[in-house]
Amino acid sequence: MIDISNIYKSFNSKQVLAGVDLSINTGETMVIIGGSGCGKSVLLRHIIGLMQPDRGSVKIDGTDVSRINRKELFALRKRLGMLFQGAALFDSLTVAENVGLGLREHSEYSAEQISDIVNKKLEMVGMSGTGGLMPAELSGGMKKRVGLARAIAMDPEYILYDEPTTGLDPIMADKINDLIIALRSRMALTSIAVTHDMVSAAKIADRIAMLHQGKIIFCGTPEEIKRSPDERVQRFIKGEAD
Amino acid sequence: MPLKLNILFQRSILENIGRSTIDLFQEWGAAFILLGKISLSLRHIFRNFSQILTQMMFFGVSSLPVVLFSAVFTGMVAGVQAAYQMQGLVPPIWLGAGISRAVLIELGPVLTALVVAGRVGAGIAAELGTMKVTEQIDALETMAIDPVAYLYMPRFVAGAVMAPVLTVFANFVALVGGWLVAVLSVGISSQMYMDGLRFHFHTRDLVGGIVKSVFFGIIIATSGCFHGSATEGGAEGVGKATTNSVVTSAVLILIFDYIISAWIFR
Ligand SMILES: Nc1ncnc2c1ncn2[C@@H]1O[C@H](COP(=O)(O)OP(=O)(O)O)[C@@H](O)[C@H]1O
Ligand SMILES: [Mg+2]
């Protein structure tokens, strides 16, 4: 369970998050939607402790992410996986080394065991046989899938997705959606995705929350969001400019 | 109206000076904090040994050709210059001595460091800067891998170890360059050049130059890591980080050259 309570964050004088409250239940997929630049990535970075809130707290299973020391934070992060918007693969490492890096650094597995796990994870994301390639040789969609394999390599309990489908063609985007759904049922993951892609949100979400001007202005099921009377929500899901 | 403008103008200048001064101090503070973190992470030196080896290869092997090439010409210039300055004043037996002290104390370590700052320092800043703006450094963090121990410390160690190694090679090649000039253009015998080298060789000169190069290697690597990891704003930011890294190293190399010279060669 992730409990985000009343977090504020500003850069210089720009208020990005202004009292965000949201809780994500264990086992559910929460999708946070909102326009570009509204602070979705900033919110995700608070959850995994890459940024500290000016005020408020993020608690993961009761542990306040911004109040623990670095060692405890690292221990916590081993239970979380994150897929970055641009996949953020290490470009000096091969696909297999990217996926296996966490295991190599943190586990006692032998090189063969790691290689087996890496192959299994690559197979789960439909990238079997690509272990020897360099990230520069992959297309955008393939990078995202490798990034996904890397995020699940350590069998995390939580996974964070930053715009998993942005920048992909609709077919590839749909494959990623299917993967997210498949992974969730296979690994009992609690997932948080941020996106501005409503199609993806509607497909993968148990609940959708909308971030607008630093606050969560709506939180409910995909069915409920369609019926929301809030004009700002309606404009966003219909893709209308104001 | 002109008066008012004038006041406005002055205030903005003062404000700018004030702000840049604060920025400068903040930047130096951040650089020292990074240096402290790197020093602490030296305890992981054996865990990350393969990274260190990779970085040593990059630092040393990749810059060896350009270092040697610069060194041979440096030695030749030192030869020409020494011969010219000594003309009619000092017997040519002193030529070897003049060249060797200039090379061992100053030219070898300093010019090697400047060449390496342009080659390796820029490379470190560009690589880490790209990793920063493409979120690869954040990705390491989220995988519970400390970027200081995994990325910065290996570069730091490689700099501290390989800059002296390169300097030793450069010294040797520069002395060969000096010999070429002495024999071919000044017209003294090889024997005379070698005697000049041998009779006026002081271990302190060689060691002093190498001590300098350890500091220079640390400056180059730390500056590359610092500017690289502080990169913001896409490809343009990477370009700026690279330039800043080279400029910072070059200036610091010259400053430390003075400080260490004043300390060792009193
Ligand atoms: N490290 C940072 N420093 C300064 N401003 C930032 C930083 N990170 C994000 N911002 C600002 O916060 C706002 C929200 O950014 P972001 O969360 O990336 O938006 P998005 O919803 O598109 O993911 C943007 O205006 C951005 O400029
Ligand atoms: Mg974003």
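Summary table below
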{"quantity": "Cross-link pairs A:Lys14/A:Lys144; A:Lys14/B:Lys132; A:Lys59/A:Lys215; A:Lys71/A:Lys120; A:Lys203/A:Lys238 - those with Cα-Cα distance over 24 Å", "calculated": "A:Lys14/A:Lys144; A:Lys71/A:Lys120"}
{"quantity": "Hydrodynamic radius (Kirkwood) for the protein assembly as shown, which is based on Cα pairs only, to one decimal in Å", "calculated": "26.3 Å"}
{"quantity": "Descending principal axes extents, the range B:48-264, alpha-carbon based, whole Å", "calculated": "67, 32, 30"}
{"quantity": "Efficiency of FRET from Cβ geometry, A:Ala111 and A:Asp174, R₀ 35 Å, rounded to 0.05", "calculated": "0.45"}
{"quantity": "Rg and Dmax of the range A:63-130, Cα atoms only, in Å", "calculated": "14.0, 42"}
{"quantity": "Shielded by partner chains, the range B:135-169 residues - at least 30 Å² of accessible area, 1.4 Å probe, vs chain alone", "calculated": "B:Glu135, B:Gln136, B:Asp138, B:Ala139, B:Glu141, B:Thr142, B:Met143, B:Ala144, B:Ile145, B:Asp146, B:Tyr150"}
{"quantity": "Per residue value of the accessible surface for the protein assembly as shown (all protein chains in place, 1.4 Å probe), Å²", "calculated": "48 Å²"}
{"quantity": "For the range A:77-85, Karplus couplings with θ = phi - 60° (6.51, -1.76, 1.60), whole Hz, Gly/Pro x", "calculated": "5, 5, 8, 10, x, 9, 9, 7, 4"}
{"quantity": "Accessible area buried at the A-B interface, both sides summed, 1.4 Å probe (Å², nearest 100)", "calculated": "1700 Å²"}
{"quantity": "Projected area, mean over directions - the range A:135-210, Cα convex hull, nm²", "calculated": "5.0 nm²"}
{"quantity": "Measure of compaction for chain A (Cα Rg per 2.2 N^0.38 Å)", "calculated": "1.01"}
{"quantity": "Portion, in percent, of the accessible area of the protein assembly as shown that falls on carbon or sulfur, probe 1.4 Å", "calculated": "62 percent"}
{"quantity": "Surface accessible to a 1.4 Å probe, B:Met56 within the full protein complex, Å²", "calculated": "50 Å²"}
{"quantity": "Accessible heavy-atom area order of A:Glu163, B:Glu236, A:Glu108, B:Glu135, highest first, probe of 1.4 Å", "calculated": "A:Glu108, B:Glu236, B:Glu135, A:Glu163"}
{"quantity": "Other protein chain Cβ atoms within 10 Å, averaged over every residue that makes up A:98-110", "calculated": "2"}
{"quantity": "Extreme residue, positive dipole direction of the range A:1-137, given options A:Thr26, A:Val58, A:Ser10 (C-beta unit charges)", "calculated": "A:Ser10"}
{"quantity": "Residue order for B:Val186, B:Val61, A:Val42 - accessible surface, 1.4 angstrom probe, largest first", "calculated": "B:Val61, B:Val186, A:Val42"}
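The values are calculated or read from the model by the stated rules, or taken from the named source; none is laboratory data. Given the structure is predicted, the values throughout are model-derived calculations rather than measurements. With ideal geometry, Cβ positions are generated from the backbone for all residues, glycine too; neighbour counts draw on all protein chains shown. Ligands, DNA and RNA are stripped out before the accessible areas are found, and what is left, the full protein with its side chains, is counted by its heavy atoms. Shrake-Rupley method; radii C 1.70, N 1.55, O 1.52, S 1.80 Å.
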